[in-house]
Amino acid sequence: MAQQMELPVFLINIERAAARRRLIEQQAAELGITLERVAGVDGSLVPQADWADADVDLFRRRNGRPMMAGEYGCYQSHLNAFRQLADSGRPAALVIEDDVALSADLMQRALSILEVVPDDCVVKLVNHRTVAFRPLFTSARGDRVGFSRFGPQGSSACYLLTAKAAERLATGMRPQSLPLDSALERSWQHGVPIYTSEKNLIDFGALRNETLIASQADYRGLKLRGWKKMPTHLFRVGEALRRAAYTFF
C-alpha cells in the first residue's frame, strides 16, 4: 500500500534561514520532489517568558545546563510538523530539516520502509551514531530498520512519521525537558516506537556547519560543573537503563 501512496515531504524551515530553503528547494526540484513547508519557530525571537510547554528547571537538571533559545525553537518546530500531519488526514510524511542533502532514491527507499513497519511509529533515516543495532525489519530495497540499543543517536534531520505517531507525539512530548533529538527517542516515555535505519539514507548538506542553534563553545560555556551536575549524571544512567530494557526486550 505504501508504494502506491504519495508521500508528502515536510520541510522544517524558519524565515531567516532563506539561503537554506533556496538550496534544498533547488535540490528537490532537480529530483522531482515536492516540498511542503512547516513553519519553523525561531527561538531567538521568542522571549523566554513566553516559552510554552517548556520546563526550563527540569531541562537544567536533566541536561546540566540551561535550555537555549535555538533548542526551544527546534522542539516547537517539530511539534508543528506533528500537528501538520495529524491535521492533514494523510497516513504518513517524510519530515526533513533544511540542512540535509536529498538523494535520488530517497523517496523510493522511504516508501519501501513504510511497507514493512507498523503504522504507528517513527523511523529515523539519518543519525550521528547507531550503536549495537538490533534489526527488526528489512525493506524490499534492502534497508534494515530496528533499534539502536545505545543513545541518544543525535539528529532528527530526516525521519518517517506516521499520522498515528504524530497524534501521540504532539501531546506525549510536552512539556519540553530535553533537546528534540533526545526526547524523540524516548519511546519508554511517550509510548511511540522510534526505529532507525541501520545506515543513513541521506547525508547532511553543505550548510550543516552553519548551525542555527548554538556552537560547541556555546554548549561548553553553559555547562554546570562539579556537584551541580549530579542530577544530570543520575538521569543519564537511568535513561541508559530504560533504553536498554526497551530495546533489548
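A few remarks follow.
- Close pairs from region 132-159: first touching a residue at least 60 places away in the same chain (Cβ under 8 Å) and under 22 Å from F10 (Cβ atoms), partner in a strand (DSSP E or B) and of a type in the set (F, W, Y), Cβ under 7 Å, at least 6 apart: A157/F204
- Residue in region 24-31 that is in a loop (DSSP other than H, G, I, E, B), farther than 25 Å from V123 by Cβ and without any contact (Cβ under 8 Å) to a residue 60 or more places away in the chain present: no
One line per residue, one yes/no per condition, for (1) within 18 Å of the chain's Cα centre (by Cα); (2) at pLDDT below 95; (3) surrounded by fewer than 16 Cβ atoms within 10 Å (Cβ to Cβ); (4) over 19 Å from G70 (Cβ atoms):
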position: Q3; (1), (2), (3), (4): no, yes, yes, yes
position: L11; (1), (2), (3), (4): yes, no, no, no
position: G32; (1), (2), (3), (4): no, no, yes, yes
position: E36; (1), (2), (3), (4): yes, no, yes, yes
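- Residue ID - farthest from V95 (Cα to Cα), chosen from residues in region 181-213 that are of a type in the set (D, E, K, R) and modelled with pLDDT under 80: E210
- Residue among L45, L114 that alone is of a type outside the set (G, A, S) and either surrounded by fewer than 21 Cβ atoms within 10 Å (Cβ to Cβ) or farther than 22 Å from A166 by Cβ (or both): L45
- Filter result for Q216 (at pLDDT below 95 and closer than 30 Å to R16 by Cα): yes
- There is no residue in region 56-69 that is in contact (Cβ under 8 Å) with a residue 40 or more places away in the chain, crowded, with 16+ Cβ neighbours inside 10 Å, among the small types (G, A, S) and on the phi < 0 side of the Ramachandran plot.
- Test: residue in region 1-17 that is under 23 Å from N200 (Cβ atoms) and basic (K, R): no
Condition check ((1) more than 18 Å from the chain's Cα centre (by Cα); (2) surrounded by fewer than 17 Cβ atoms within 10 Å (Cβ to Cβ); (3) within 29 Å of V46 (Cα to Cα); (4) acidic (D, E)) across all residues:
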{"site": "G73", "(1), (2), (3), (4)": "no, no, yes, no"}
{"site": "F82", "(1), (2), (3), (4)": "no, no, yes, no"}
{"site": "L106", "(1), (2), (3), (4)": "no, no, no, no"}
{"site": "D120", "(1), (2), (3), (4)": "no, yes, no, yes"}
{"site": "P152", "(1), (2), (3), (4)": "no, no, yes, no"}
{"site": "L160", "(1), (2), (3), (4)": "no, no, yes, no"}
{"site": "E167", "(1), (2), (3), (4)": "no, no, yes, yes"}
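- Selection within region 122-133 - among the basic types (K, R) and loosely packed, with under 14 Cβ neighbours inside 10 Å: R129
The values are calculated or read from the model by the stated rules, or taken from the named source; none is laboratory data. Here the structure is a predicted model, which is why all the values come from computation and not from measurement. Every residue, glycine among them, receives a Cβ derived from its backbone with ideal geometry; neighbour counts consider all protein chains shown.
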